[in-house]
Amino acid sequence: MSNHKIVIPHEHGGWAMVSVPFFVGVVASNPQWLHVPLFIAWLGLYLAAYPMLQSLKRKSNRTRFYRWAGIYGLAAVICLIPPIIKQSSLLFFGPVLGGLLLVNIWHVRHKAERSLTNDLCAMLMFSLGGAAAYLIGGGSWDIKMGAVILFCFLHFTGSTFFVKSVFRERTNKRWLMLTRLVHLLLLVIPAVIGYPWMILAYIYSAARTFIYAGKSLRPMKVGVIEIVGAVQFLLWSVLL
């Protein structure tokens, strides 16, 4: 029976990272019907990568992991066909995503999934989903696409530092100082690169960090805080 059980990610943060950047890219461009198959394909790639990475950590039930990776991957490829016909330059994302996935695989094989480097690579990978959505919505390979990637990356970088500051690194004073410094930078970077109004998207993150970093919080409370943060970031992204 277990060999037929569906394999899906259960981490709430992963679902936010796969969807929020994509919708930021949508609102930064013009919504198109092709965003629907592109999002399903993007979701399928995420779902396919999950069982593949799980198969590296678990020796049992590998056949089940491979089967679901194949199912999700096939669905992703099918849904990618219409967007690629419309915008063939989407294929340029392939090598970059593949390289970042290899970094994830290396960390999984070396039992270092929780390293900051691995987290940053994963966040960059998810942020590229926003760039793809922006491109299919009529955008181009321009500064605004770079802004979509950067702002999504900065948002989830802040989230990563915050989550570690209330769990694994809660008693690490250096980490707490670094976390606060990162969030102060989040309030500066938008103005430096010419998007001062986007500072508003990071005020919540900074306030959350200075109030709770270093404190012991229940996972449920942290989850709610992060969901609110993701929603408000998405709402402020209309300023792009």
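The values are calculated or read from the model by the stated rules, or taken from the named source; none is laboratory data. Just so it is clear, the structure is predicted and the values come from calculations on it, not from any experiment. Side chains are part of the model used for accessible areas, which takes the heavy atoms of the whole protein and leaves out ligands, DNA and RNA. Shrake-Rupley method; radii C 1.70, N 1.55, O 1.52, S 1.80 Å.
Quick notes on this one:
- Failed condition for G130, given (1) open to solvent by 10 Å² or more (accessible area, probe 1.4 Å); (2) within 30 Å of P95 (Cα to Cα): (1)
- Applying the criterion of being assigned to a loop (DSSP other than H, G, I, E, B) and open to solvent by less than 60 Å² (accessible area, probe 1.4 Å) to the residues of the stretch 183-240, the residue that is nearest to T160 (Cα to Cα) is A213.
Yes or no, residue by residue, for (1) modelled with pLDDT under 95; (2) charged (D, E, K, R):
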| position | (1), (2) |
| --- | --- |
| W68 | yes, no |
| L74 | no, no |
| V77 | no, no |
| P83 | no, no |
| W106 | yes, no |
| D119 | yes, yes |
| A133 | no, no |
